[in-house]
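The values are calculated or read from the model by the stated rules, or taken from the named source; none is laboratory data. Given the structure is predicted, the values throughout are model-derived calculations rather than measurements. Heads up, the Cβs are rebuilt from the backbone with ideal geometry, glycines too, and the neighbour counts pull from every protein chain shown.
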Amino acid sequence: MRDFSIDHRWLSINTATVRAQWPLDRIVTECAQRGIRAISPWRDQVAALLRDTGMELSGYCRGGMFPASTDAGLLAALDDNRRAVDEAKTLNAACLVLVVGATLEYARGVGMPLAIEPLHSMYAADRACINTLEQAPDLCDALDPSRAGALGVAVDLYHVWWGPKLQAQIERAGRERLLAFHVCDWLVPTRDLLNDRGMMGDGVIDIPRIRGWVEAAGFAGYSEVEIFSAEDWWRRSGGEVLDACIARHRSAV
């Protein structure tokens with residue numbers, strides 16, 4: 001397993017972590033000043049994107065959200081997701097993180113890997129029907145049995161840390177399917193199921209252990225910090241948040 005205590009070479013910041021404090025260009029600048037080499041921006045933040053800083057995209061958030069009550073709504077969702085694929089390809093993102101959906105053939109045609117992100121089962125009713133890391137590789141195997149690189153998974157610890165088959169499913173996914181690795185912590189008690197994620201080391205997730213499984217399976221990419229925190233980290237200065245991400249990436253990831 002890689003030694004993260006030496007530096008933060010493999011730290012990535014999902015821009016949701018500091019979006020309450022800064023616009024995207026400021027996030028890019030502040031990350032670059034701290035030697036953070038990768039970000040994963042959300043699509044709505046990419047209007048005035050990525051000045052020439054050498055920043056890499058560990059992922060692009062997000063595609064999906066296809067369900068609609070009308071034919072017109074479904075067509076609009078499909079069109080929006082094709083644009084998301086094109087944007088991710090233009091920006092040379094490692095993958096487009098997808099909260100379930102139907103753009104595989106289009107993405108395969110332009111060479112843009114899709115990362116299916118299982119969401120915690122608390123979101124099964126209104127956000128995603130893929131809720132465990134077992135279901136995601138099942139879908140990958142059904143739609144991309146040759147493992148051609150078009151389809152994989154995003155392992156977000158906030159959603160999957162509790163899974164009883166987590167290690168086995170990480171091993172099953174393997175290097176070809178493991179496209180993204182998102183880290184934060186699960187606080188006890190959790191005050192809000194969406195917007196109370198913890199900084200690494202402040203909760204109950206054994207992050208180093210799971211990272212060991214992910215790396216043993218062949219993943220060698222960025223550890224992407226994604227923290228939604230309306231009552232804590234979004235209320236602090238952006239610089240404090242990024243500095244904490246760097247410190248905890250070394251000590252708790």
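Among the residues of region 226-243, is any under 19 Å from residue 133 (Cβ atoms) and surrounded by fewer than 14 Cβ atoms within 10 Å (Cβ to Cβ)? Can you show your working first?
In the first step, residues of region 226-243 are kept if they are under 19 Å from residue 133 (Cβ atoms); the result is 226.
Then drop every residue that is not surrounded by fewer than 14 Cβ atoms within 10 Å (Cβ to Cβ), which leaves none.
Scanning region 226-243, I find no residue that is under 19 Å from residue 133 (Cβ atoms) and surrounded by fewer than 14 Cβ atoms within 10 Å (Cβ to Cβ), so the answer is no.
Highlighted here are the helices (runs of 4 or more DSSP H) found entirely within region 52-166 that include at least 1 residues which are among the aromatic types (Phe, Trp, Tyr) and either out of contact with any helix residue (DSSP H, G or I) (no Cβ under 9 Å at 6 or more places or on another chain) or farther than 30 Å from residue 199 by Cβ (or both): 104-110, 157-160. Checked against the criterion of being within 15 Å of the chain's Cα centre (by Cα) and outside any strand (DSSP E or B), the candidates 227, 205 yield just one match: 227. When region 21-42 is limited to residues that are of a type in the set (Gly, Ala, Ser) and at pLDDT 95 or above, the one that is surrounded by the fewest Cβ atoms within 10 Å (Cβ to Cβ) turns out to be 35.
This table checks each residue for (1) touching a strand residue (DSSP E or B) at 6+ places or on another chain (Cβ under 7 Å); (2) at pLDDT below 95; (3) among the small types (Gly, Ala, Ser).
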{"position": "148", "(1), (2), (3)": "no, yes, yes"}
{"position": "160", "(1), (2), (3)": "no, no, no"}
{"position": "171", "(1), (2), (3)": "no, no, no"}
{"position": "188", "(1), (2), (3)": "no, no, no"}
{"position": "191", "(1), (2), (3)": "no, no, no"}
{"position": "199", "(1), (2), (3)": "yes, no, no"}
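Only one of the numbered conditions (1) modelled with pLDDT of 95 or more; (2) more than 23 Å from residue 3 (Cβ to Cβ) is violated by residue 214, and that is (2). Only one entry of 60, 123 meets the criterion of being under 22 Å from residue 184 (Cα atoms), at pLDDT below 95 and surrounded by fewer than 22 Cβ atoms within 10 Å (Cβ to Cβ), and that entry is 123. Within region 29-41, the set of residues being over 11 Å from residue 57 (Cα atoms) and among the aliphatic types (A, V, I, L, M) comprises 32, 36.
Tell me, please, whether a residue that is small (Gly, Ala, Ser) and closer than 17 Å to residue 221 by Cβ can be found in region 183-205. No: zero hits.
Could you check, for region 33-43, whether at least one of its residues is over 17 Å from the mean Cα position of the chain (by Cα) and among the hydrophobic types (A, V, I, L, M, F, W, C)? No, there is no match, as no residue in region 33-43 is over 17 Å from the mean Cα position of the chain (by Cα) and among the hydrophobic types (A, V, I, L, M, F, W, C). Among the residues of region 1-22, those identified as among the β-branched types (Val, Ile, Thr) and in a helix (DSSP H, G or I) are 15, 17, 18. Using the structure shown, decide if residue 17 is surrounded by fewer than 21 Cβ atoms within 10 Å (Cβ to Cβ) and either in contact with a Cys (Cβ under 8 Å, 6 or more places away or on another chain) or more than 26 Å from residue 120 (Cα to Cα) (or both). No. Residues of region 165-216 that are under 13 Å from residue 153 (Cα atoms) and among the small types (Gly, Ala, Ser): 173, 174, 180.
In the set 194, 157, 151, 187, only one residue is in contact (Cβ under 8 Å) with a residue 12 or more places away in the chain, closer than 21 Å to residue 245 by Cα and either among the polar types (S, T, N, Q) or surrounded by 24 or more Cβ atoms within 10 Å (Cβ to Cβ) (or both); that residue is 157.
Going through (1) under 30 Å from residue 210 (Cβ atoms); (2) surrounded by fewer than 19 Cβ atoms within 10 Å (Cβ to Cβ); (3) among the hydrophobic types (A, V, I, L, M, F, W, C) one by one, residue 72 falls short only on (1). With respect to residue 16, determine if the residue is closer than 25 Å to residue 195 by Cβ and among the aliphatic types (A, V, I, L, M). Yes. Once region 89-120 is narrowed to residues that are loosely packed, with under 14 Cβ neighbours inside 10 Å and polar (S, T, N, Q), the residue that is nearest to the chain's Cα centre (by Cα) is 92.
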